[in-house]
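To start, the structure itself, in C-alpha cells.
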C-alpha cells in the first residue's frame, strides 16, 4: 500500500508540474512545442543519445482568443499571432493499445498511447513543423486527471480546432499497403490538376497493373480505427480542404483525399463526375481480376462517411452548425470509451440553442446526458424530430436508470425511413409540436392522435441467407381502407418502396413492376450464391422474404395474389443481374427491386385493425398503437403500459405519410390529446 501511495503521489506531483492551471474563463490554452533536431543540437553527444530515446516537448500556457463569430474561419486569427501562436490541432484515435510510451513533457516523464506517440513523432519529422511548431493534442494539453478542467475543455473543443492554423489527421503507422494508397491519392490529384487527359493517362497506367492491390489498400485505409472514433466527427467537421492527413511518413490533403474518393466511388444515386466517368471507362477495359477486386472492396457503406464528413464541413463553414439528423446518424455508427461522449463529442457541431442547454459533466451517468440532449433538441425546435431517433429494445436497467423511451440510446444504430439526402415525410402536415414535461423531466407529454392499432405482422427481411425465425402474427382484418383490389395493389407496391425511388423521389409508375410474379419463380434459386450487397443478392433476399411470407394475408388476400405477370421480363431474372440496357423493360424492375430490398431490410410488413398497410421494425407486436404527433414527420409506434406509452419506433403507414390524419382532425373525424410518453 505504501508503494502504491508513493506512486500515486509521484503521479499527482508530475501532473502539477506538467500542467500549469488554466483560467476558468477560457482565456488560456496549453500548447506543445516539439523539440526537433534543431533545438536538440544544444545538447552534447551523450545527452543527445539519451534525449533521442524518447519524444521531448514543452507544454506552456498561452492566451486564447477564439473566433468571435461561430463561422469565422480560424485563419482570421493570424492577426493575433503575438498572443496565440500558430498551432496544429492533432486528430487521432485514442487507441486502447497495450504499447504505452514514455514522453518527456517539461522535463517530466509522462505516459501516452503508442498511437499518440507515433503521431507526434510523425509531426516532428514532417516539414510543416518547421513553420508551425506548436501542437495541441488533447491527451496531453488537457489535464486528464482534473475532472473540472476536462469538463471545461471538452465544452470548447470546437473553438480549439477552429482556432488552429491547421488540423492534422493522424491515421497511424504505415501498414496494409497504405503507402500505395497515399501514392495513388497524390497521383490522382496531381494528374487531375493537369487536366482530364492527364488523369486518364495516369489511371490507365496504374489501374490495370496495380488495381487488385490498390482497391484492397484503399478499403483498408478507410477501415482504420481512426474513422470509427466519435471525436473525429467534430475534429474533421471543423477542418477544411487544407486539413492534412498523415499516415506513416506519407501525407495528403483532405481535398485530394475526397477528390480521389469521388473518382472511384460507387455512383449510388448521384450523377457521376467527369473524373469518375474516366475511372469507370478505364476500369471496364481492365482485366476481370481488377474489376472483381473493385466490386469486392469498394463498398459504399464503407466510404459514405466521407460524404457525411464533407457535408458537415460545408455546413460548419456556412452556418457554424451541422444538421442534427446527420450528426446522430454518424455518431451512432462510431465508438467511444465513454457513452457520454456520444453527446459531448459532437457538442460543438450542434446548433447554439441546443448546445447552450447541455452541461458537460462527466460525473453524470450517460442516461442523464442523453436525456439532457433529447430535451434540449425537443425544446429548441417546433418539430418533434427526437421521436424519429427514439425507441429501443425493452431494457429494465435503462428504465431503472431514468432513461425514458422517448430518449434515443445513442450507443446503437437506428434505421430511418428516409435517407439523409431524402426529403422528410409529412405525416404532421407542417404542424408544430406542443410539449409539456413532468417535474423530474422523465415524462414527456406531446400532442398527437392515437390513430390505429397493429393487427397482423409478417416475418422478417434480413441480409442473412440463413433461416429467419417464424414469429409472424396473422392478420384478422379483411378490409382495405384503399378501396377495391386494384387500388389495394397500387397501395401495396407503393408501401413496399416507401412510396419513393432510389433517390427519394416519387416512384415512376413503372415501379409497379415490383409486383411481377417472377420474384416467386424457381429461376431465382440460383441467386442464393450471390454476394450480399450485389443486385443478385438483393433479388434473392427479396425472393426469399416474399416466398416465406406468401400466405400472409393483406386485406383478406394472401400476399402472393398481389403479384402477377403483366409483361415479360427476361433480363430481370437473369442470374447475373448485370448492367441492363437503359431502354430495357427490365430496368425499372431492377431499380424497384433494389429500392424495395433497401427499404424493407430489418423490417416487416404489417396490417392495422383499420385496414391500413404498414412497414414496421422487427420489434413491433400485434396490439401496438400507431400515433401521429404534431410536429413529427413520421407516424410513431407506441406500446401501452400501466404508466402511459413507450416509444417503439417511427413507422411507415401507407396513406398516412402526407398529412391525412391531420386533415381528418381538422374535419372533426379525429381528436387529438396530450399523449404521455414514459
| task | For an R0 of 60 angstrom, estimate the FRET efficiency from the Cβ-Cβ distance between residue 284 and residue 484 and round to the nearest 0.05. | result | 0.80
| said: Give me 626, 331, 132 sorted ascending by neighbouring Cβ count inside 10 Å, so fewest comes first. | reply: 132, 331, 626
| note | So, with points 7 Å from each Cα along the Cβ direction, the residue 139-residue 61 label distance in nm works out to 2.5
| said: List residues of the stretch 347-373, by number, whose backbone nitrogen lies under 16 Å from a label position 7 Å along Cα→C-beta of residue 94. | reply: 347-348, 360-366
| Cα-based equivalent ellipsoid, the stretch 241-394: semi-axes from gyration tensor eigenvalues, Å | 37, 17, 16
| note | If the chain between residue 25 and residue 565 were fully extended at 0.36 nm per residue, the gain over the current Cα-Cα distance would be 187.2 nm
| said: Over all directions, how big on average is the projection of the convex hull of the alpha-carbon atoms in the stretch 324-403, in square nanometres? | reply: 5.4
| said: Taking the Cα centroid of the stretch 148-183 and of the stretch 219-296, what is the distance between the two, rounded to the nearest whole Å? | reply: 18
| said: Given a Förster distance of 45 Å, report the FRET efficiency between residue 676 and residue 209 from their Cβ-Cβ distance, rounded to the nearest 0.05. | reply: 0.10
| query | With the contact rule set at Cα under 8 Å and sequence spacing of 6 or more, what percent relative contact order holds for the stretch 287-386? | reply | 20
| query | Residue separation times 0.36 nm, minus the C-alpha to C-alpha distance between residue 517 and residue 415: what's the value? | reply | 33.8 nm
| Mean projected area (nm²) of the alpha-carbon convex hull when the stretch 178-311 is viewed from all directions | 7.8
| query | By the gyration tensor of its Cα atoms, with a ≥ b ≥ c the square roots of the eigenvalues, what is the shape of the stretch 128-172: rounded for a/c under 1.5, prolate for a/b over b/c, or oblate? | reply | prolate
| said: As a footprinting exposure proxy, order 489, 604, 557 by other Cβ within 10 Å, with the fewest listed first. | reply: 557, 489, 604
| task | Treat the count of other C-beta atoms within 10 Å as a stand-in for reagent exposure and order 477, 321 from fewest to most. | result | 477, 321
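Every read-out reported here was derived from the displayed coordinates using simple, explicitly stated rules and does not represent laboratory data. Not measured: the values here are computed from a predicted model. So basically every Cβ, Gly included, is an ideal-geometry build from the backbone, and we count neighbours across all protein chains shown.
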